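Every number here is computed from the coordinates shown, using simple stated rules; none is lab data. Just so you know, these numbers come straight off a predicted model, no measurement behind them. Virtual Cβ from ideal backbone geometry, glycine too; neighbours counted across all protein chains shown.
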Amino acid sequence: MPPLPSLHVTTDAISALDVDALIVPVFRGAIEGPGTEQALRAVGIADVPRDADFRGKVGEVRHLAAPGQAWGRITLVGLGRLDELSDEQVRRAMGSAIRDVATSARTVATTLALTNPSASTLRAAAEGTILGAYRYDDLLGKARPHVLTDVTFVIASSTGASADDALTRGRAHAKAQCVAARLVTQPPNLMGPEEVADAASELLPDDVDVDVWDEARLEQEGCGGLLAVARGSARPPRLVRLRYRPTDPVARVSLVGKGITFDTGGISLKRPSAIMEHMKGDMGGAAVVMGVFSALSELRIPVEVHGELCLAENMPGADAQRPSDVITIRGGTTVEVMNTDAEGRLVLADGLALAAESAPDAIVDVATLTGAVARAIGKRAIGIFANDDDLLRRLLASAEDAGEAMWHLPLWEDLRDNLDSDVADLENLGRGDEAGATMAGLFLREFVDGLPWAHLDIAGPFWQDADRYHLPRHGTGVGVRTLLRWLDPRDG
Ligand code: BES
Ligand code: MN
Ligand code: ZN
């Protein structure tokens, strides 16, 4: 991953800045909106050409030549309507503008701050900037065009420490999201269960303990879900146990991530028409958990956080599990595997059971669990299921603040008997009511021992085919910023 840019604030005059490019945010419908005219005058552009094609829609980008200036060009970016201004509009505008300039400018300044940003707006701008600067170029053989090293926010009056703090936190949250996005985008031949476990040891800071359970250990510990799913693959499963222990923690929580490094469906093979290459991202939940852990110490989060990454590859090999096999999950629950493509809930069952054993204050799992969730609420939103109203409310509020769409979905009690099996404690499919995402949630709930728990189904937003505002194409890392805000009492 190329280094992400450093962020700065300044109260210097724009004309005094020595940068390669200047970004000037513009409100919709008024190119002379607050700050814009002043910013352009300061760089010698008195007469802005009216352009019917540029309307200032959020994220819309337009280049202006800046003759006679050392840095040569100005990038206008739409901020949307002034009367609708939100942190998310700023995050989106900065993401679009920075992605546009990041491969051609080394140093950039933006006048955003002439609209007098609050700390929270500055933080959103920092998030948009870092995400806009990210791209997945690890495997490009040719010279990488990525050059952006420094972004300076020009603010009208110094807000001192609070501005620096906003930039630091925005940068840390966005950088953690980039860690997750990159893991999702990595090709599956290079990122099997062992490689993800290695990545956890390599990229997480020293104060995160990383304990990796191999196949023999999983056998000893009775993790039958992970072992069953991995049987069809030449690559063995792994359970990665992460521990972050600050001094005097105010709470203790556990994060569990689905880490299927490739999902073919197994013997219940996915139809060829399914866009199977997206299934390299079926470890998106584990990637989100890793992203969160990458930032905990930097943010000095005062909460003890445990992580369980449930890693396996779901392949239809000669020793693969069969539909109707019965397996035993950690803790002894037996499951009749009616469909081997419902594999995520099997590996998560082991992870949730393990998480529940230490009785944390809350358990949150993150998983690319069902196609059904995206059909219900669309590809941009996280579906949330929970057995605890307070936990649900706090996660929804954190998602709102982070600008990550999240929608509450039901765990209908009435549907629970669809999971009854004639030969085992449960079956993994739960047919009959077509509520695919809910059935998966009800299945997972069986393993949390009644503790406060929430399940984030990220099967929609974990991936997108094209860049959209601050969110990069392919793996997006959506979920990381919500969880970091939830974990940080300063954001509460
Ligand atoms: N990994 C998939 C879910 C998925 C689909 C994630 C599309 C992202 C995009 C999961 O393992 C799966 O195959 N789910 C099945 C469940 C079914 C067999 C009950 C599904 O959604 O069809
Ligand atoms: Mn599957
Ligand atoms: Zn899957």
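Summary table below
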item	result
Any chance Gly351 is in contact with a strand residue (DSSP E or B) (Cβ under 6 Å, 6 or more places away or on another chain), among the small types (Gly, Ala, Ser) and within 16 Å of ligand 3 (Cβ to nearest atom)	yes
The listed residue being of a type in the set (S, T, N, Q), more than 26 Å from Asp350 (Cβ to Cβ) and assigned to a loop (DSSP other than H, G, I, E, B), out of Ser157, Ser162	Ser157
From Arg300, Arg271, residue being surrounded by fewer than 19 Cβ atoms within 10 Å (Cβ to Cβ), within 16 Å of ligand 1 (Cβ to nearest atom) and not hydrophobic (A, V, I, L, M, F, W, C)	Arg271
Pairs where the first residue, in the range 331-350, is on the phi < 0 side of the Ramachandran plot and the second is among the charged types (D, E, K, R) and away from ligand 2 (no atom under 15 Å from the Cβ), C-beta under 6 Å, 6+ apart	Thr333/Asp425; Thr334/Asp425; Glu336/Glu427; Val337/Asp325; Met338/Glu427; Leu348/Asp365; Asp350/Arg330
Some residue of the range 205-218 being touching a strand residue (DSSP E or B) at 6+ places or on another chain (Cβ under 6 Å), within 16 Å of ligand 1 (Cβ to nearest atom) and closer than 24 Å to Gly475 by Cβ	no
Meets criteria (within 30 Å of the chain's Cα centre (by Cα) and assigned to a helix (DSSP H, G or I)) for Leu392	yes
Out of Val335, Val347, sole residue that is hydrophobic (A, V, I, L, M, F, W, C), within 21 Å of Gly460 (Cβ to Cβ) and either within 11 Å of ligand 1 (Cβ to nearest atom) or assigned to a strand (DSSP E or B) (or both)	Val347
Count of residues meeting criterion [in a loop (DSSP other than H, G, I, E, B) and either within 16 Å of ligand 3 (Cβ to nearest atom) or surrounded by 24 or more Cβ atoms within 10 Å (Cβ to Cβ) (or both)] in the range 449-488	11
Criterion: crowded, with 24+ Cβ neighbours inside 10 Å, within 15 Å of ligand 2 (Cβ to nearest atom) and over 23 Å from Gly430 (Cα atoms) - qualifying residue of Gly291, Gly284, Gly307	Gly284
Meets criteria (out of contact with any Cys (no Cβ under 8 Å at 6 or more places or on another chain), free of Cβ contacts under 8 Å to residues at least 60 places away in the same chain and surrounded by 24 or more Cβ atoms within 10 Å (Cβ to Cβ)) for Thr264	yes
Identity of the residue in the range 230-253, assigned to a strand (DSSP E or B) and of a type outside the set (A, V, I, L, M, F, W, C), that ends up farthest from ligand 3 (Cβ to nearest atom)	Arg252
Failed item in (1) more than 16 Å from ligand 3 (Cβ to nearest atom); (2) more than 23 Å from Leu483 (Cβ to Cβ); (3) touching a residue at least 40 places away in the same chain (Cβ under 8 Å), with Pro272 passing the rest	(3)
Some residue of the range 369-384 being within 30 Å of Thr121 (Cβ to Cβ), among the basic types (Lys, Arg), more than 16 Å from ligand 1 (Cβ to nearest atom) and within 20 Å of the chain's Cα centre (by Cα)	no
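So that you can scan it fast, the table gives a plain yes or no per residue for (1) within 15 Å of Leu456 (Cα to Cα); (2) part of a strand (DSSP E or B):
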{"residue": "Leu255", "(1), (2)": "yes, yes"}
{"residue": "Ile267", "(1), (2)": "no, no"}
{"residue": "Lys280", "(1), (2)": "no, no"}
{"residue": "Phe293", "(1), (2)": "no, no"}
{"residue": "Ile301", "(1), (2)": "no, no"}
{"residue": "Val305", "(1), (2)": "no, yes"}
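Conditions (1) farther than 30 Å from Arg245 by Cβ; (2) free of Cβ contacts under 8 Å to residues at least 24 places away in the same chain; (3) within 20 Å of the chain's Cα centre (by Cα), marked per residue:
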residue	(1), (2), (3)
Gly141	yes, yes, no
Ala163	yes, no, no
Arg169	no, no, yes
Val179	no, no, yes
Gly192	no, no, yes
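For every residue, the table says whether it meets (1) buried (at least 19 other Cβ atoms within 10 Å of the Cβ); (2) more than 24 Å from Ala13 (Cβ to Cβ); (3) not β-branched (Val, Ile, Thr).
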residue: Gln89; (1), (2), (3): yes, yes, yes
residue: Gly95; (1), (2), (3): yes, yes, yes
residue: Ser104; (1), (2), (3): no, yes, yes
residue: Thr111; (1), (2), (3): yes, no, no
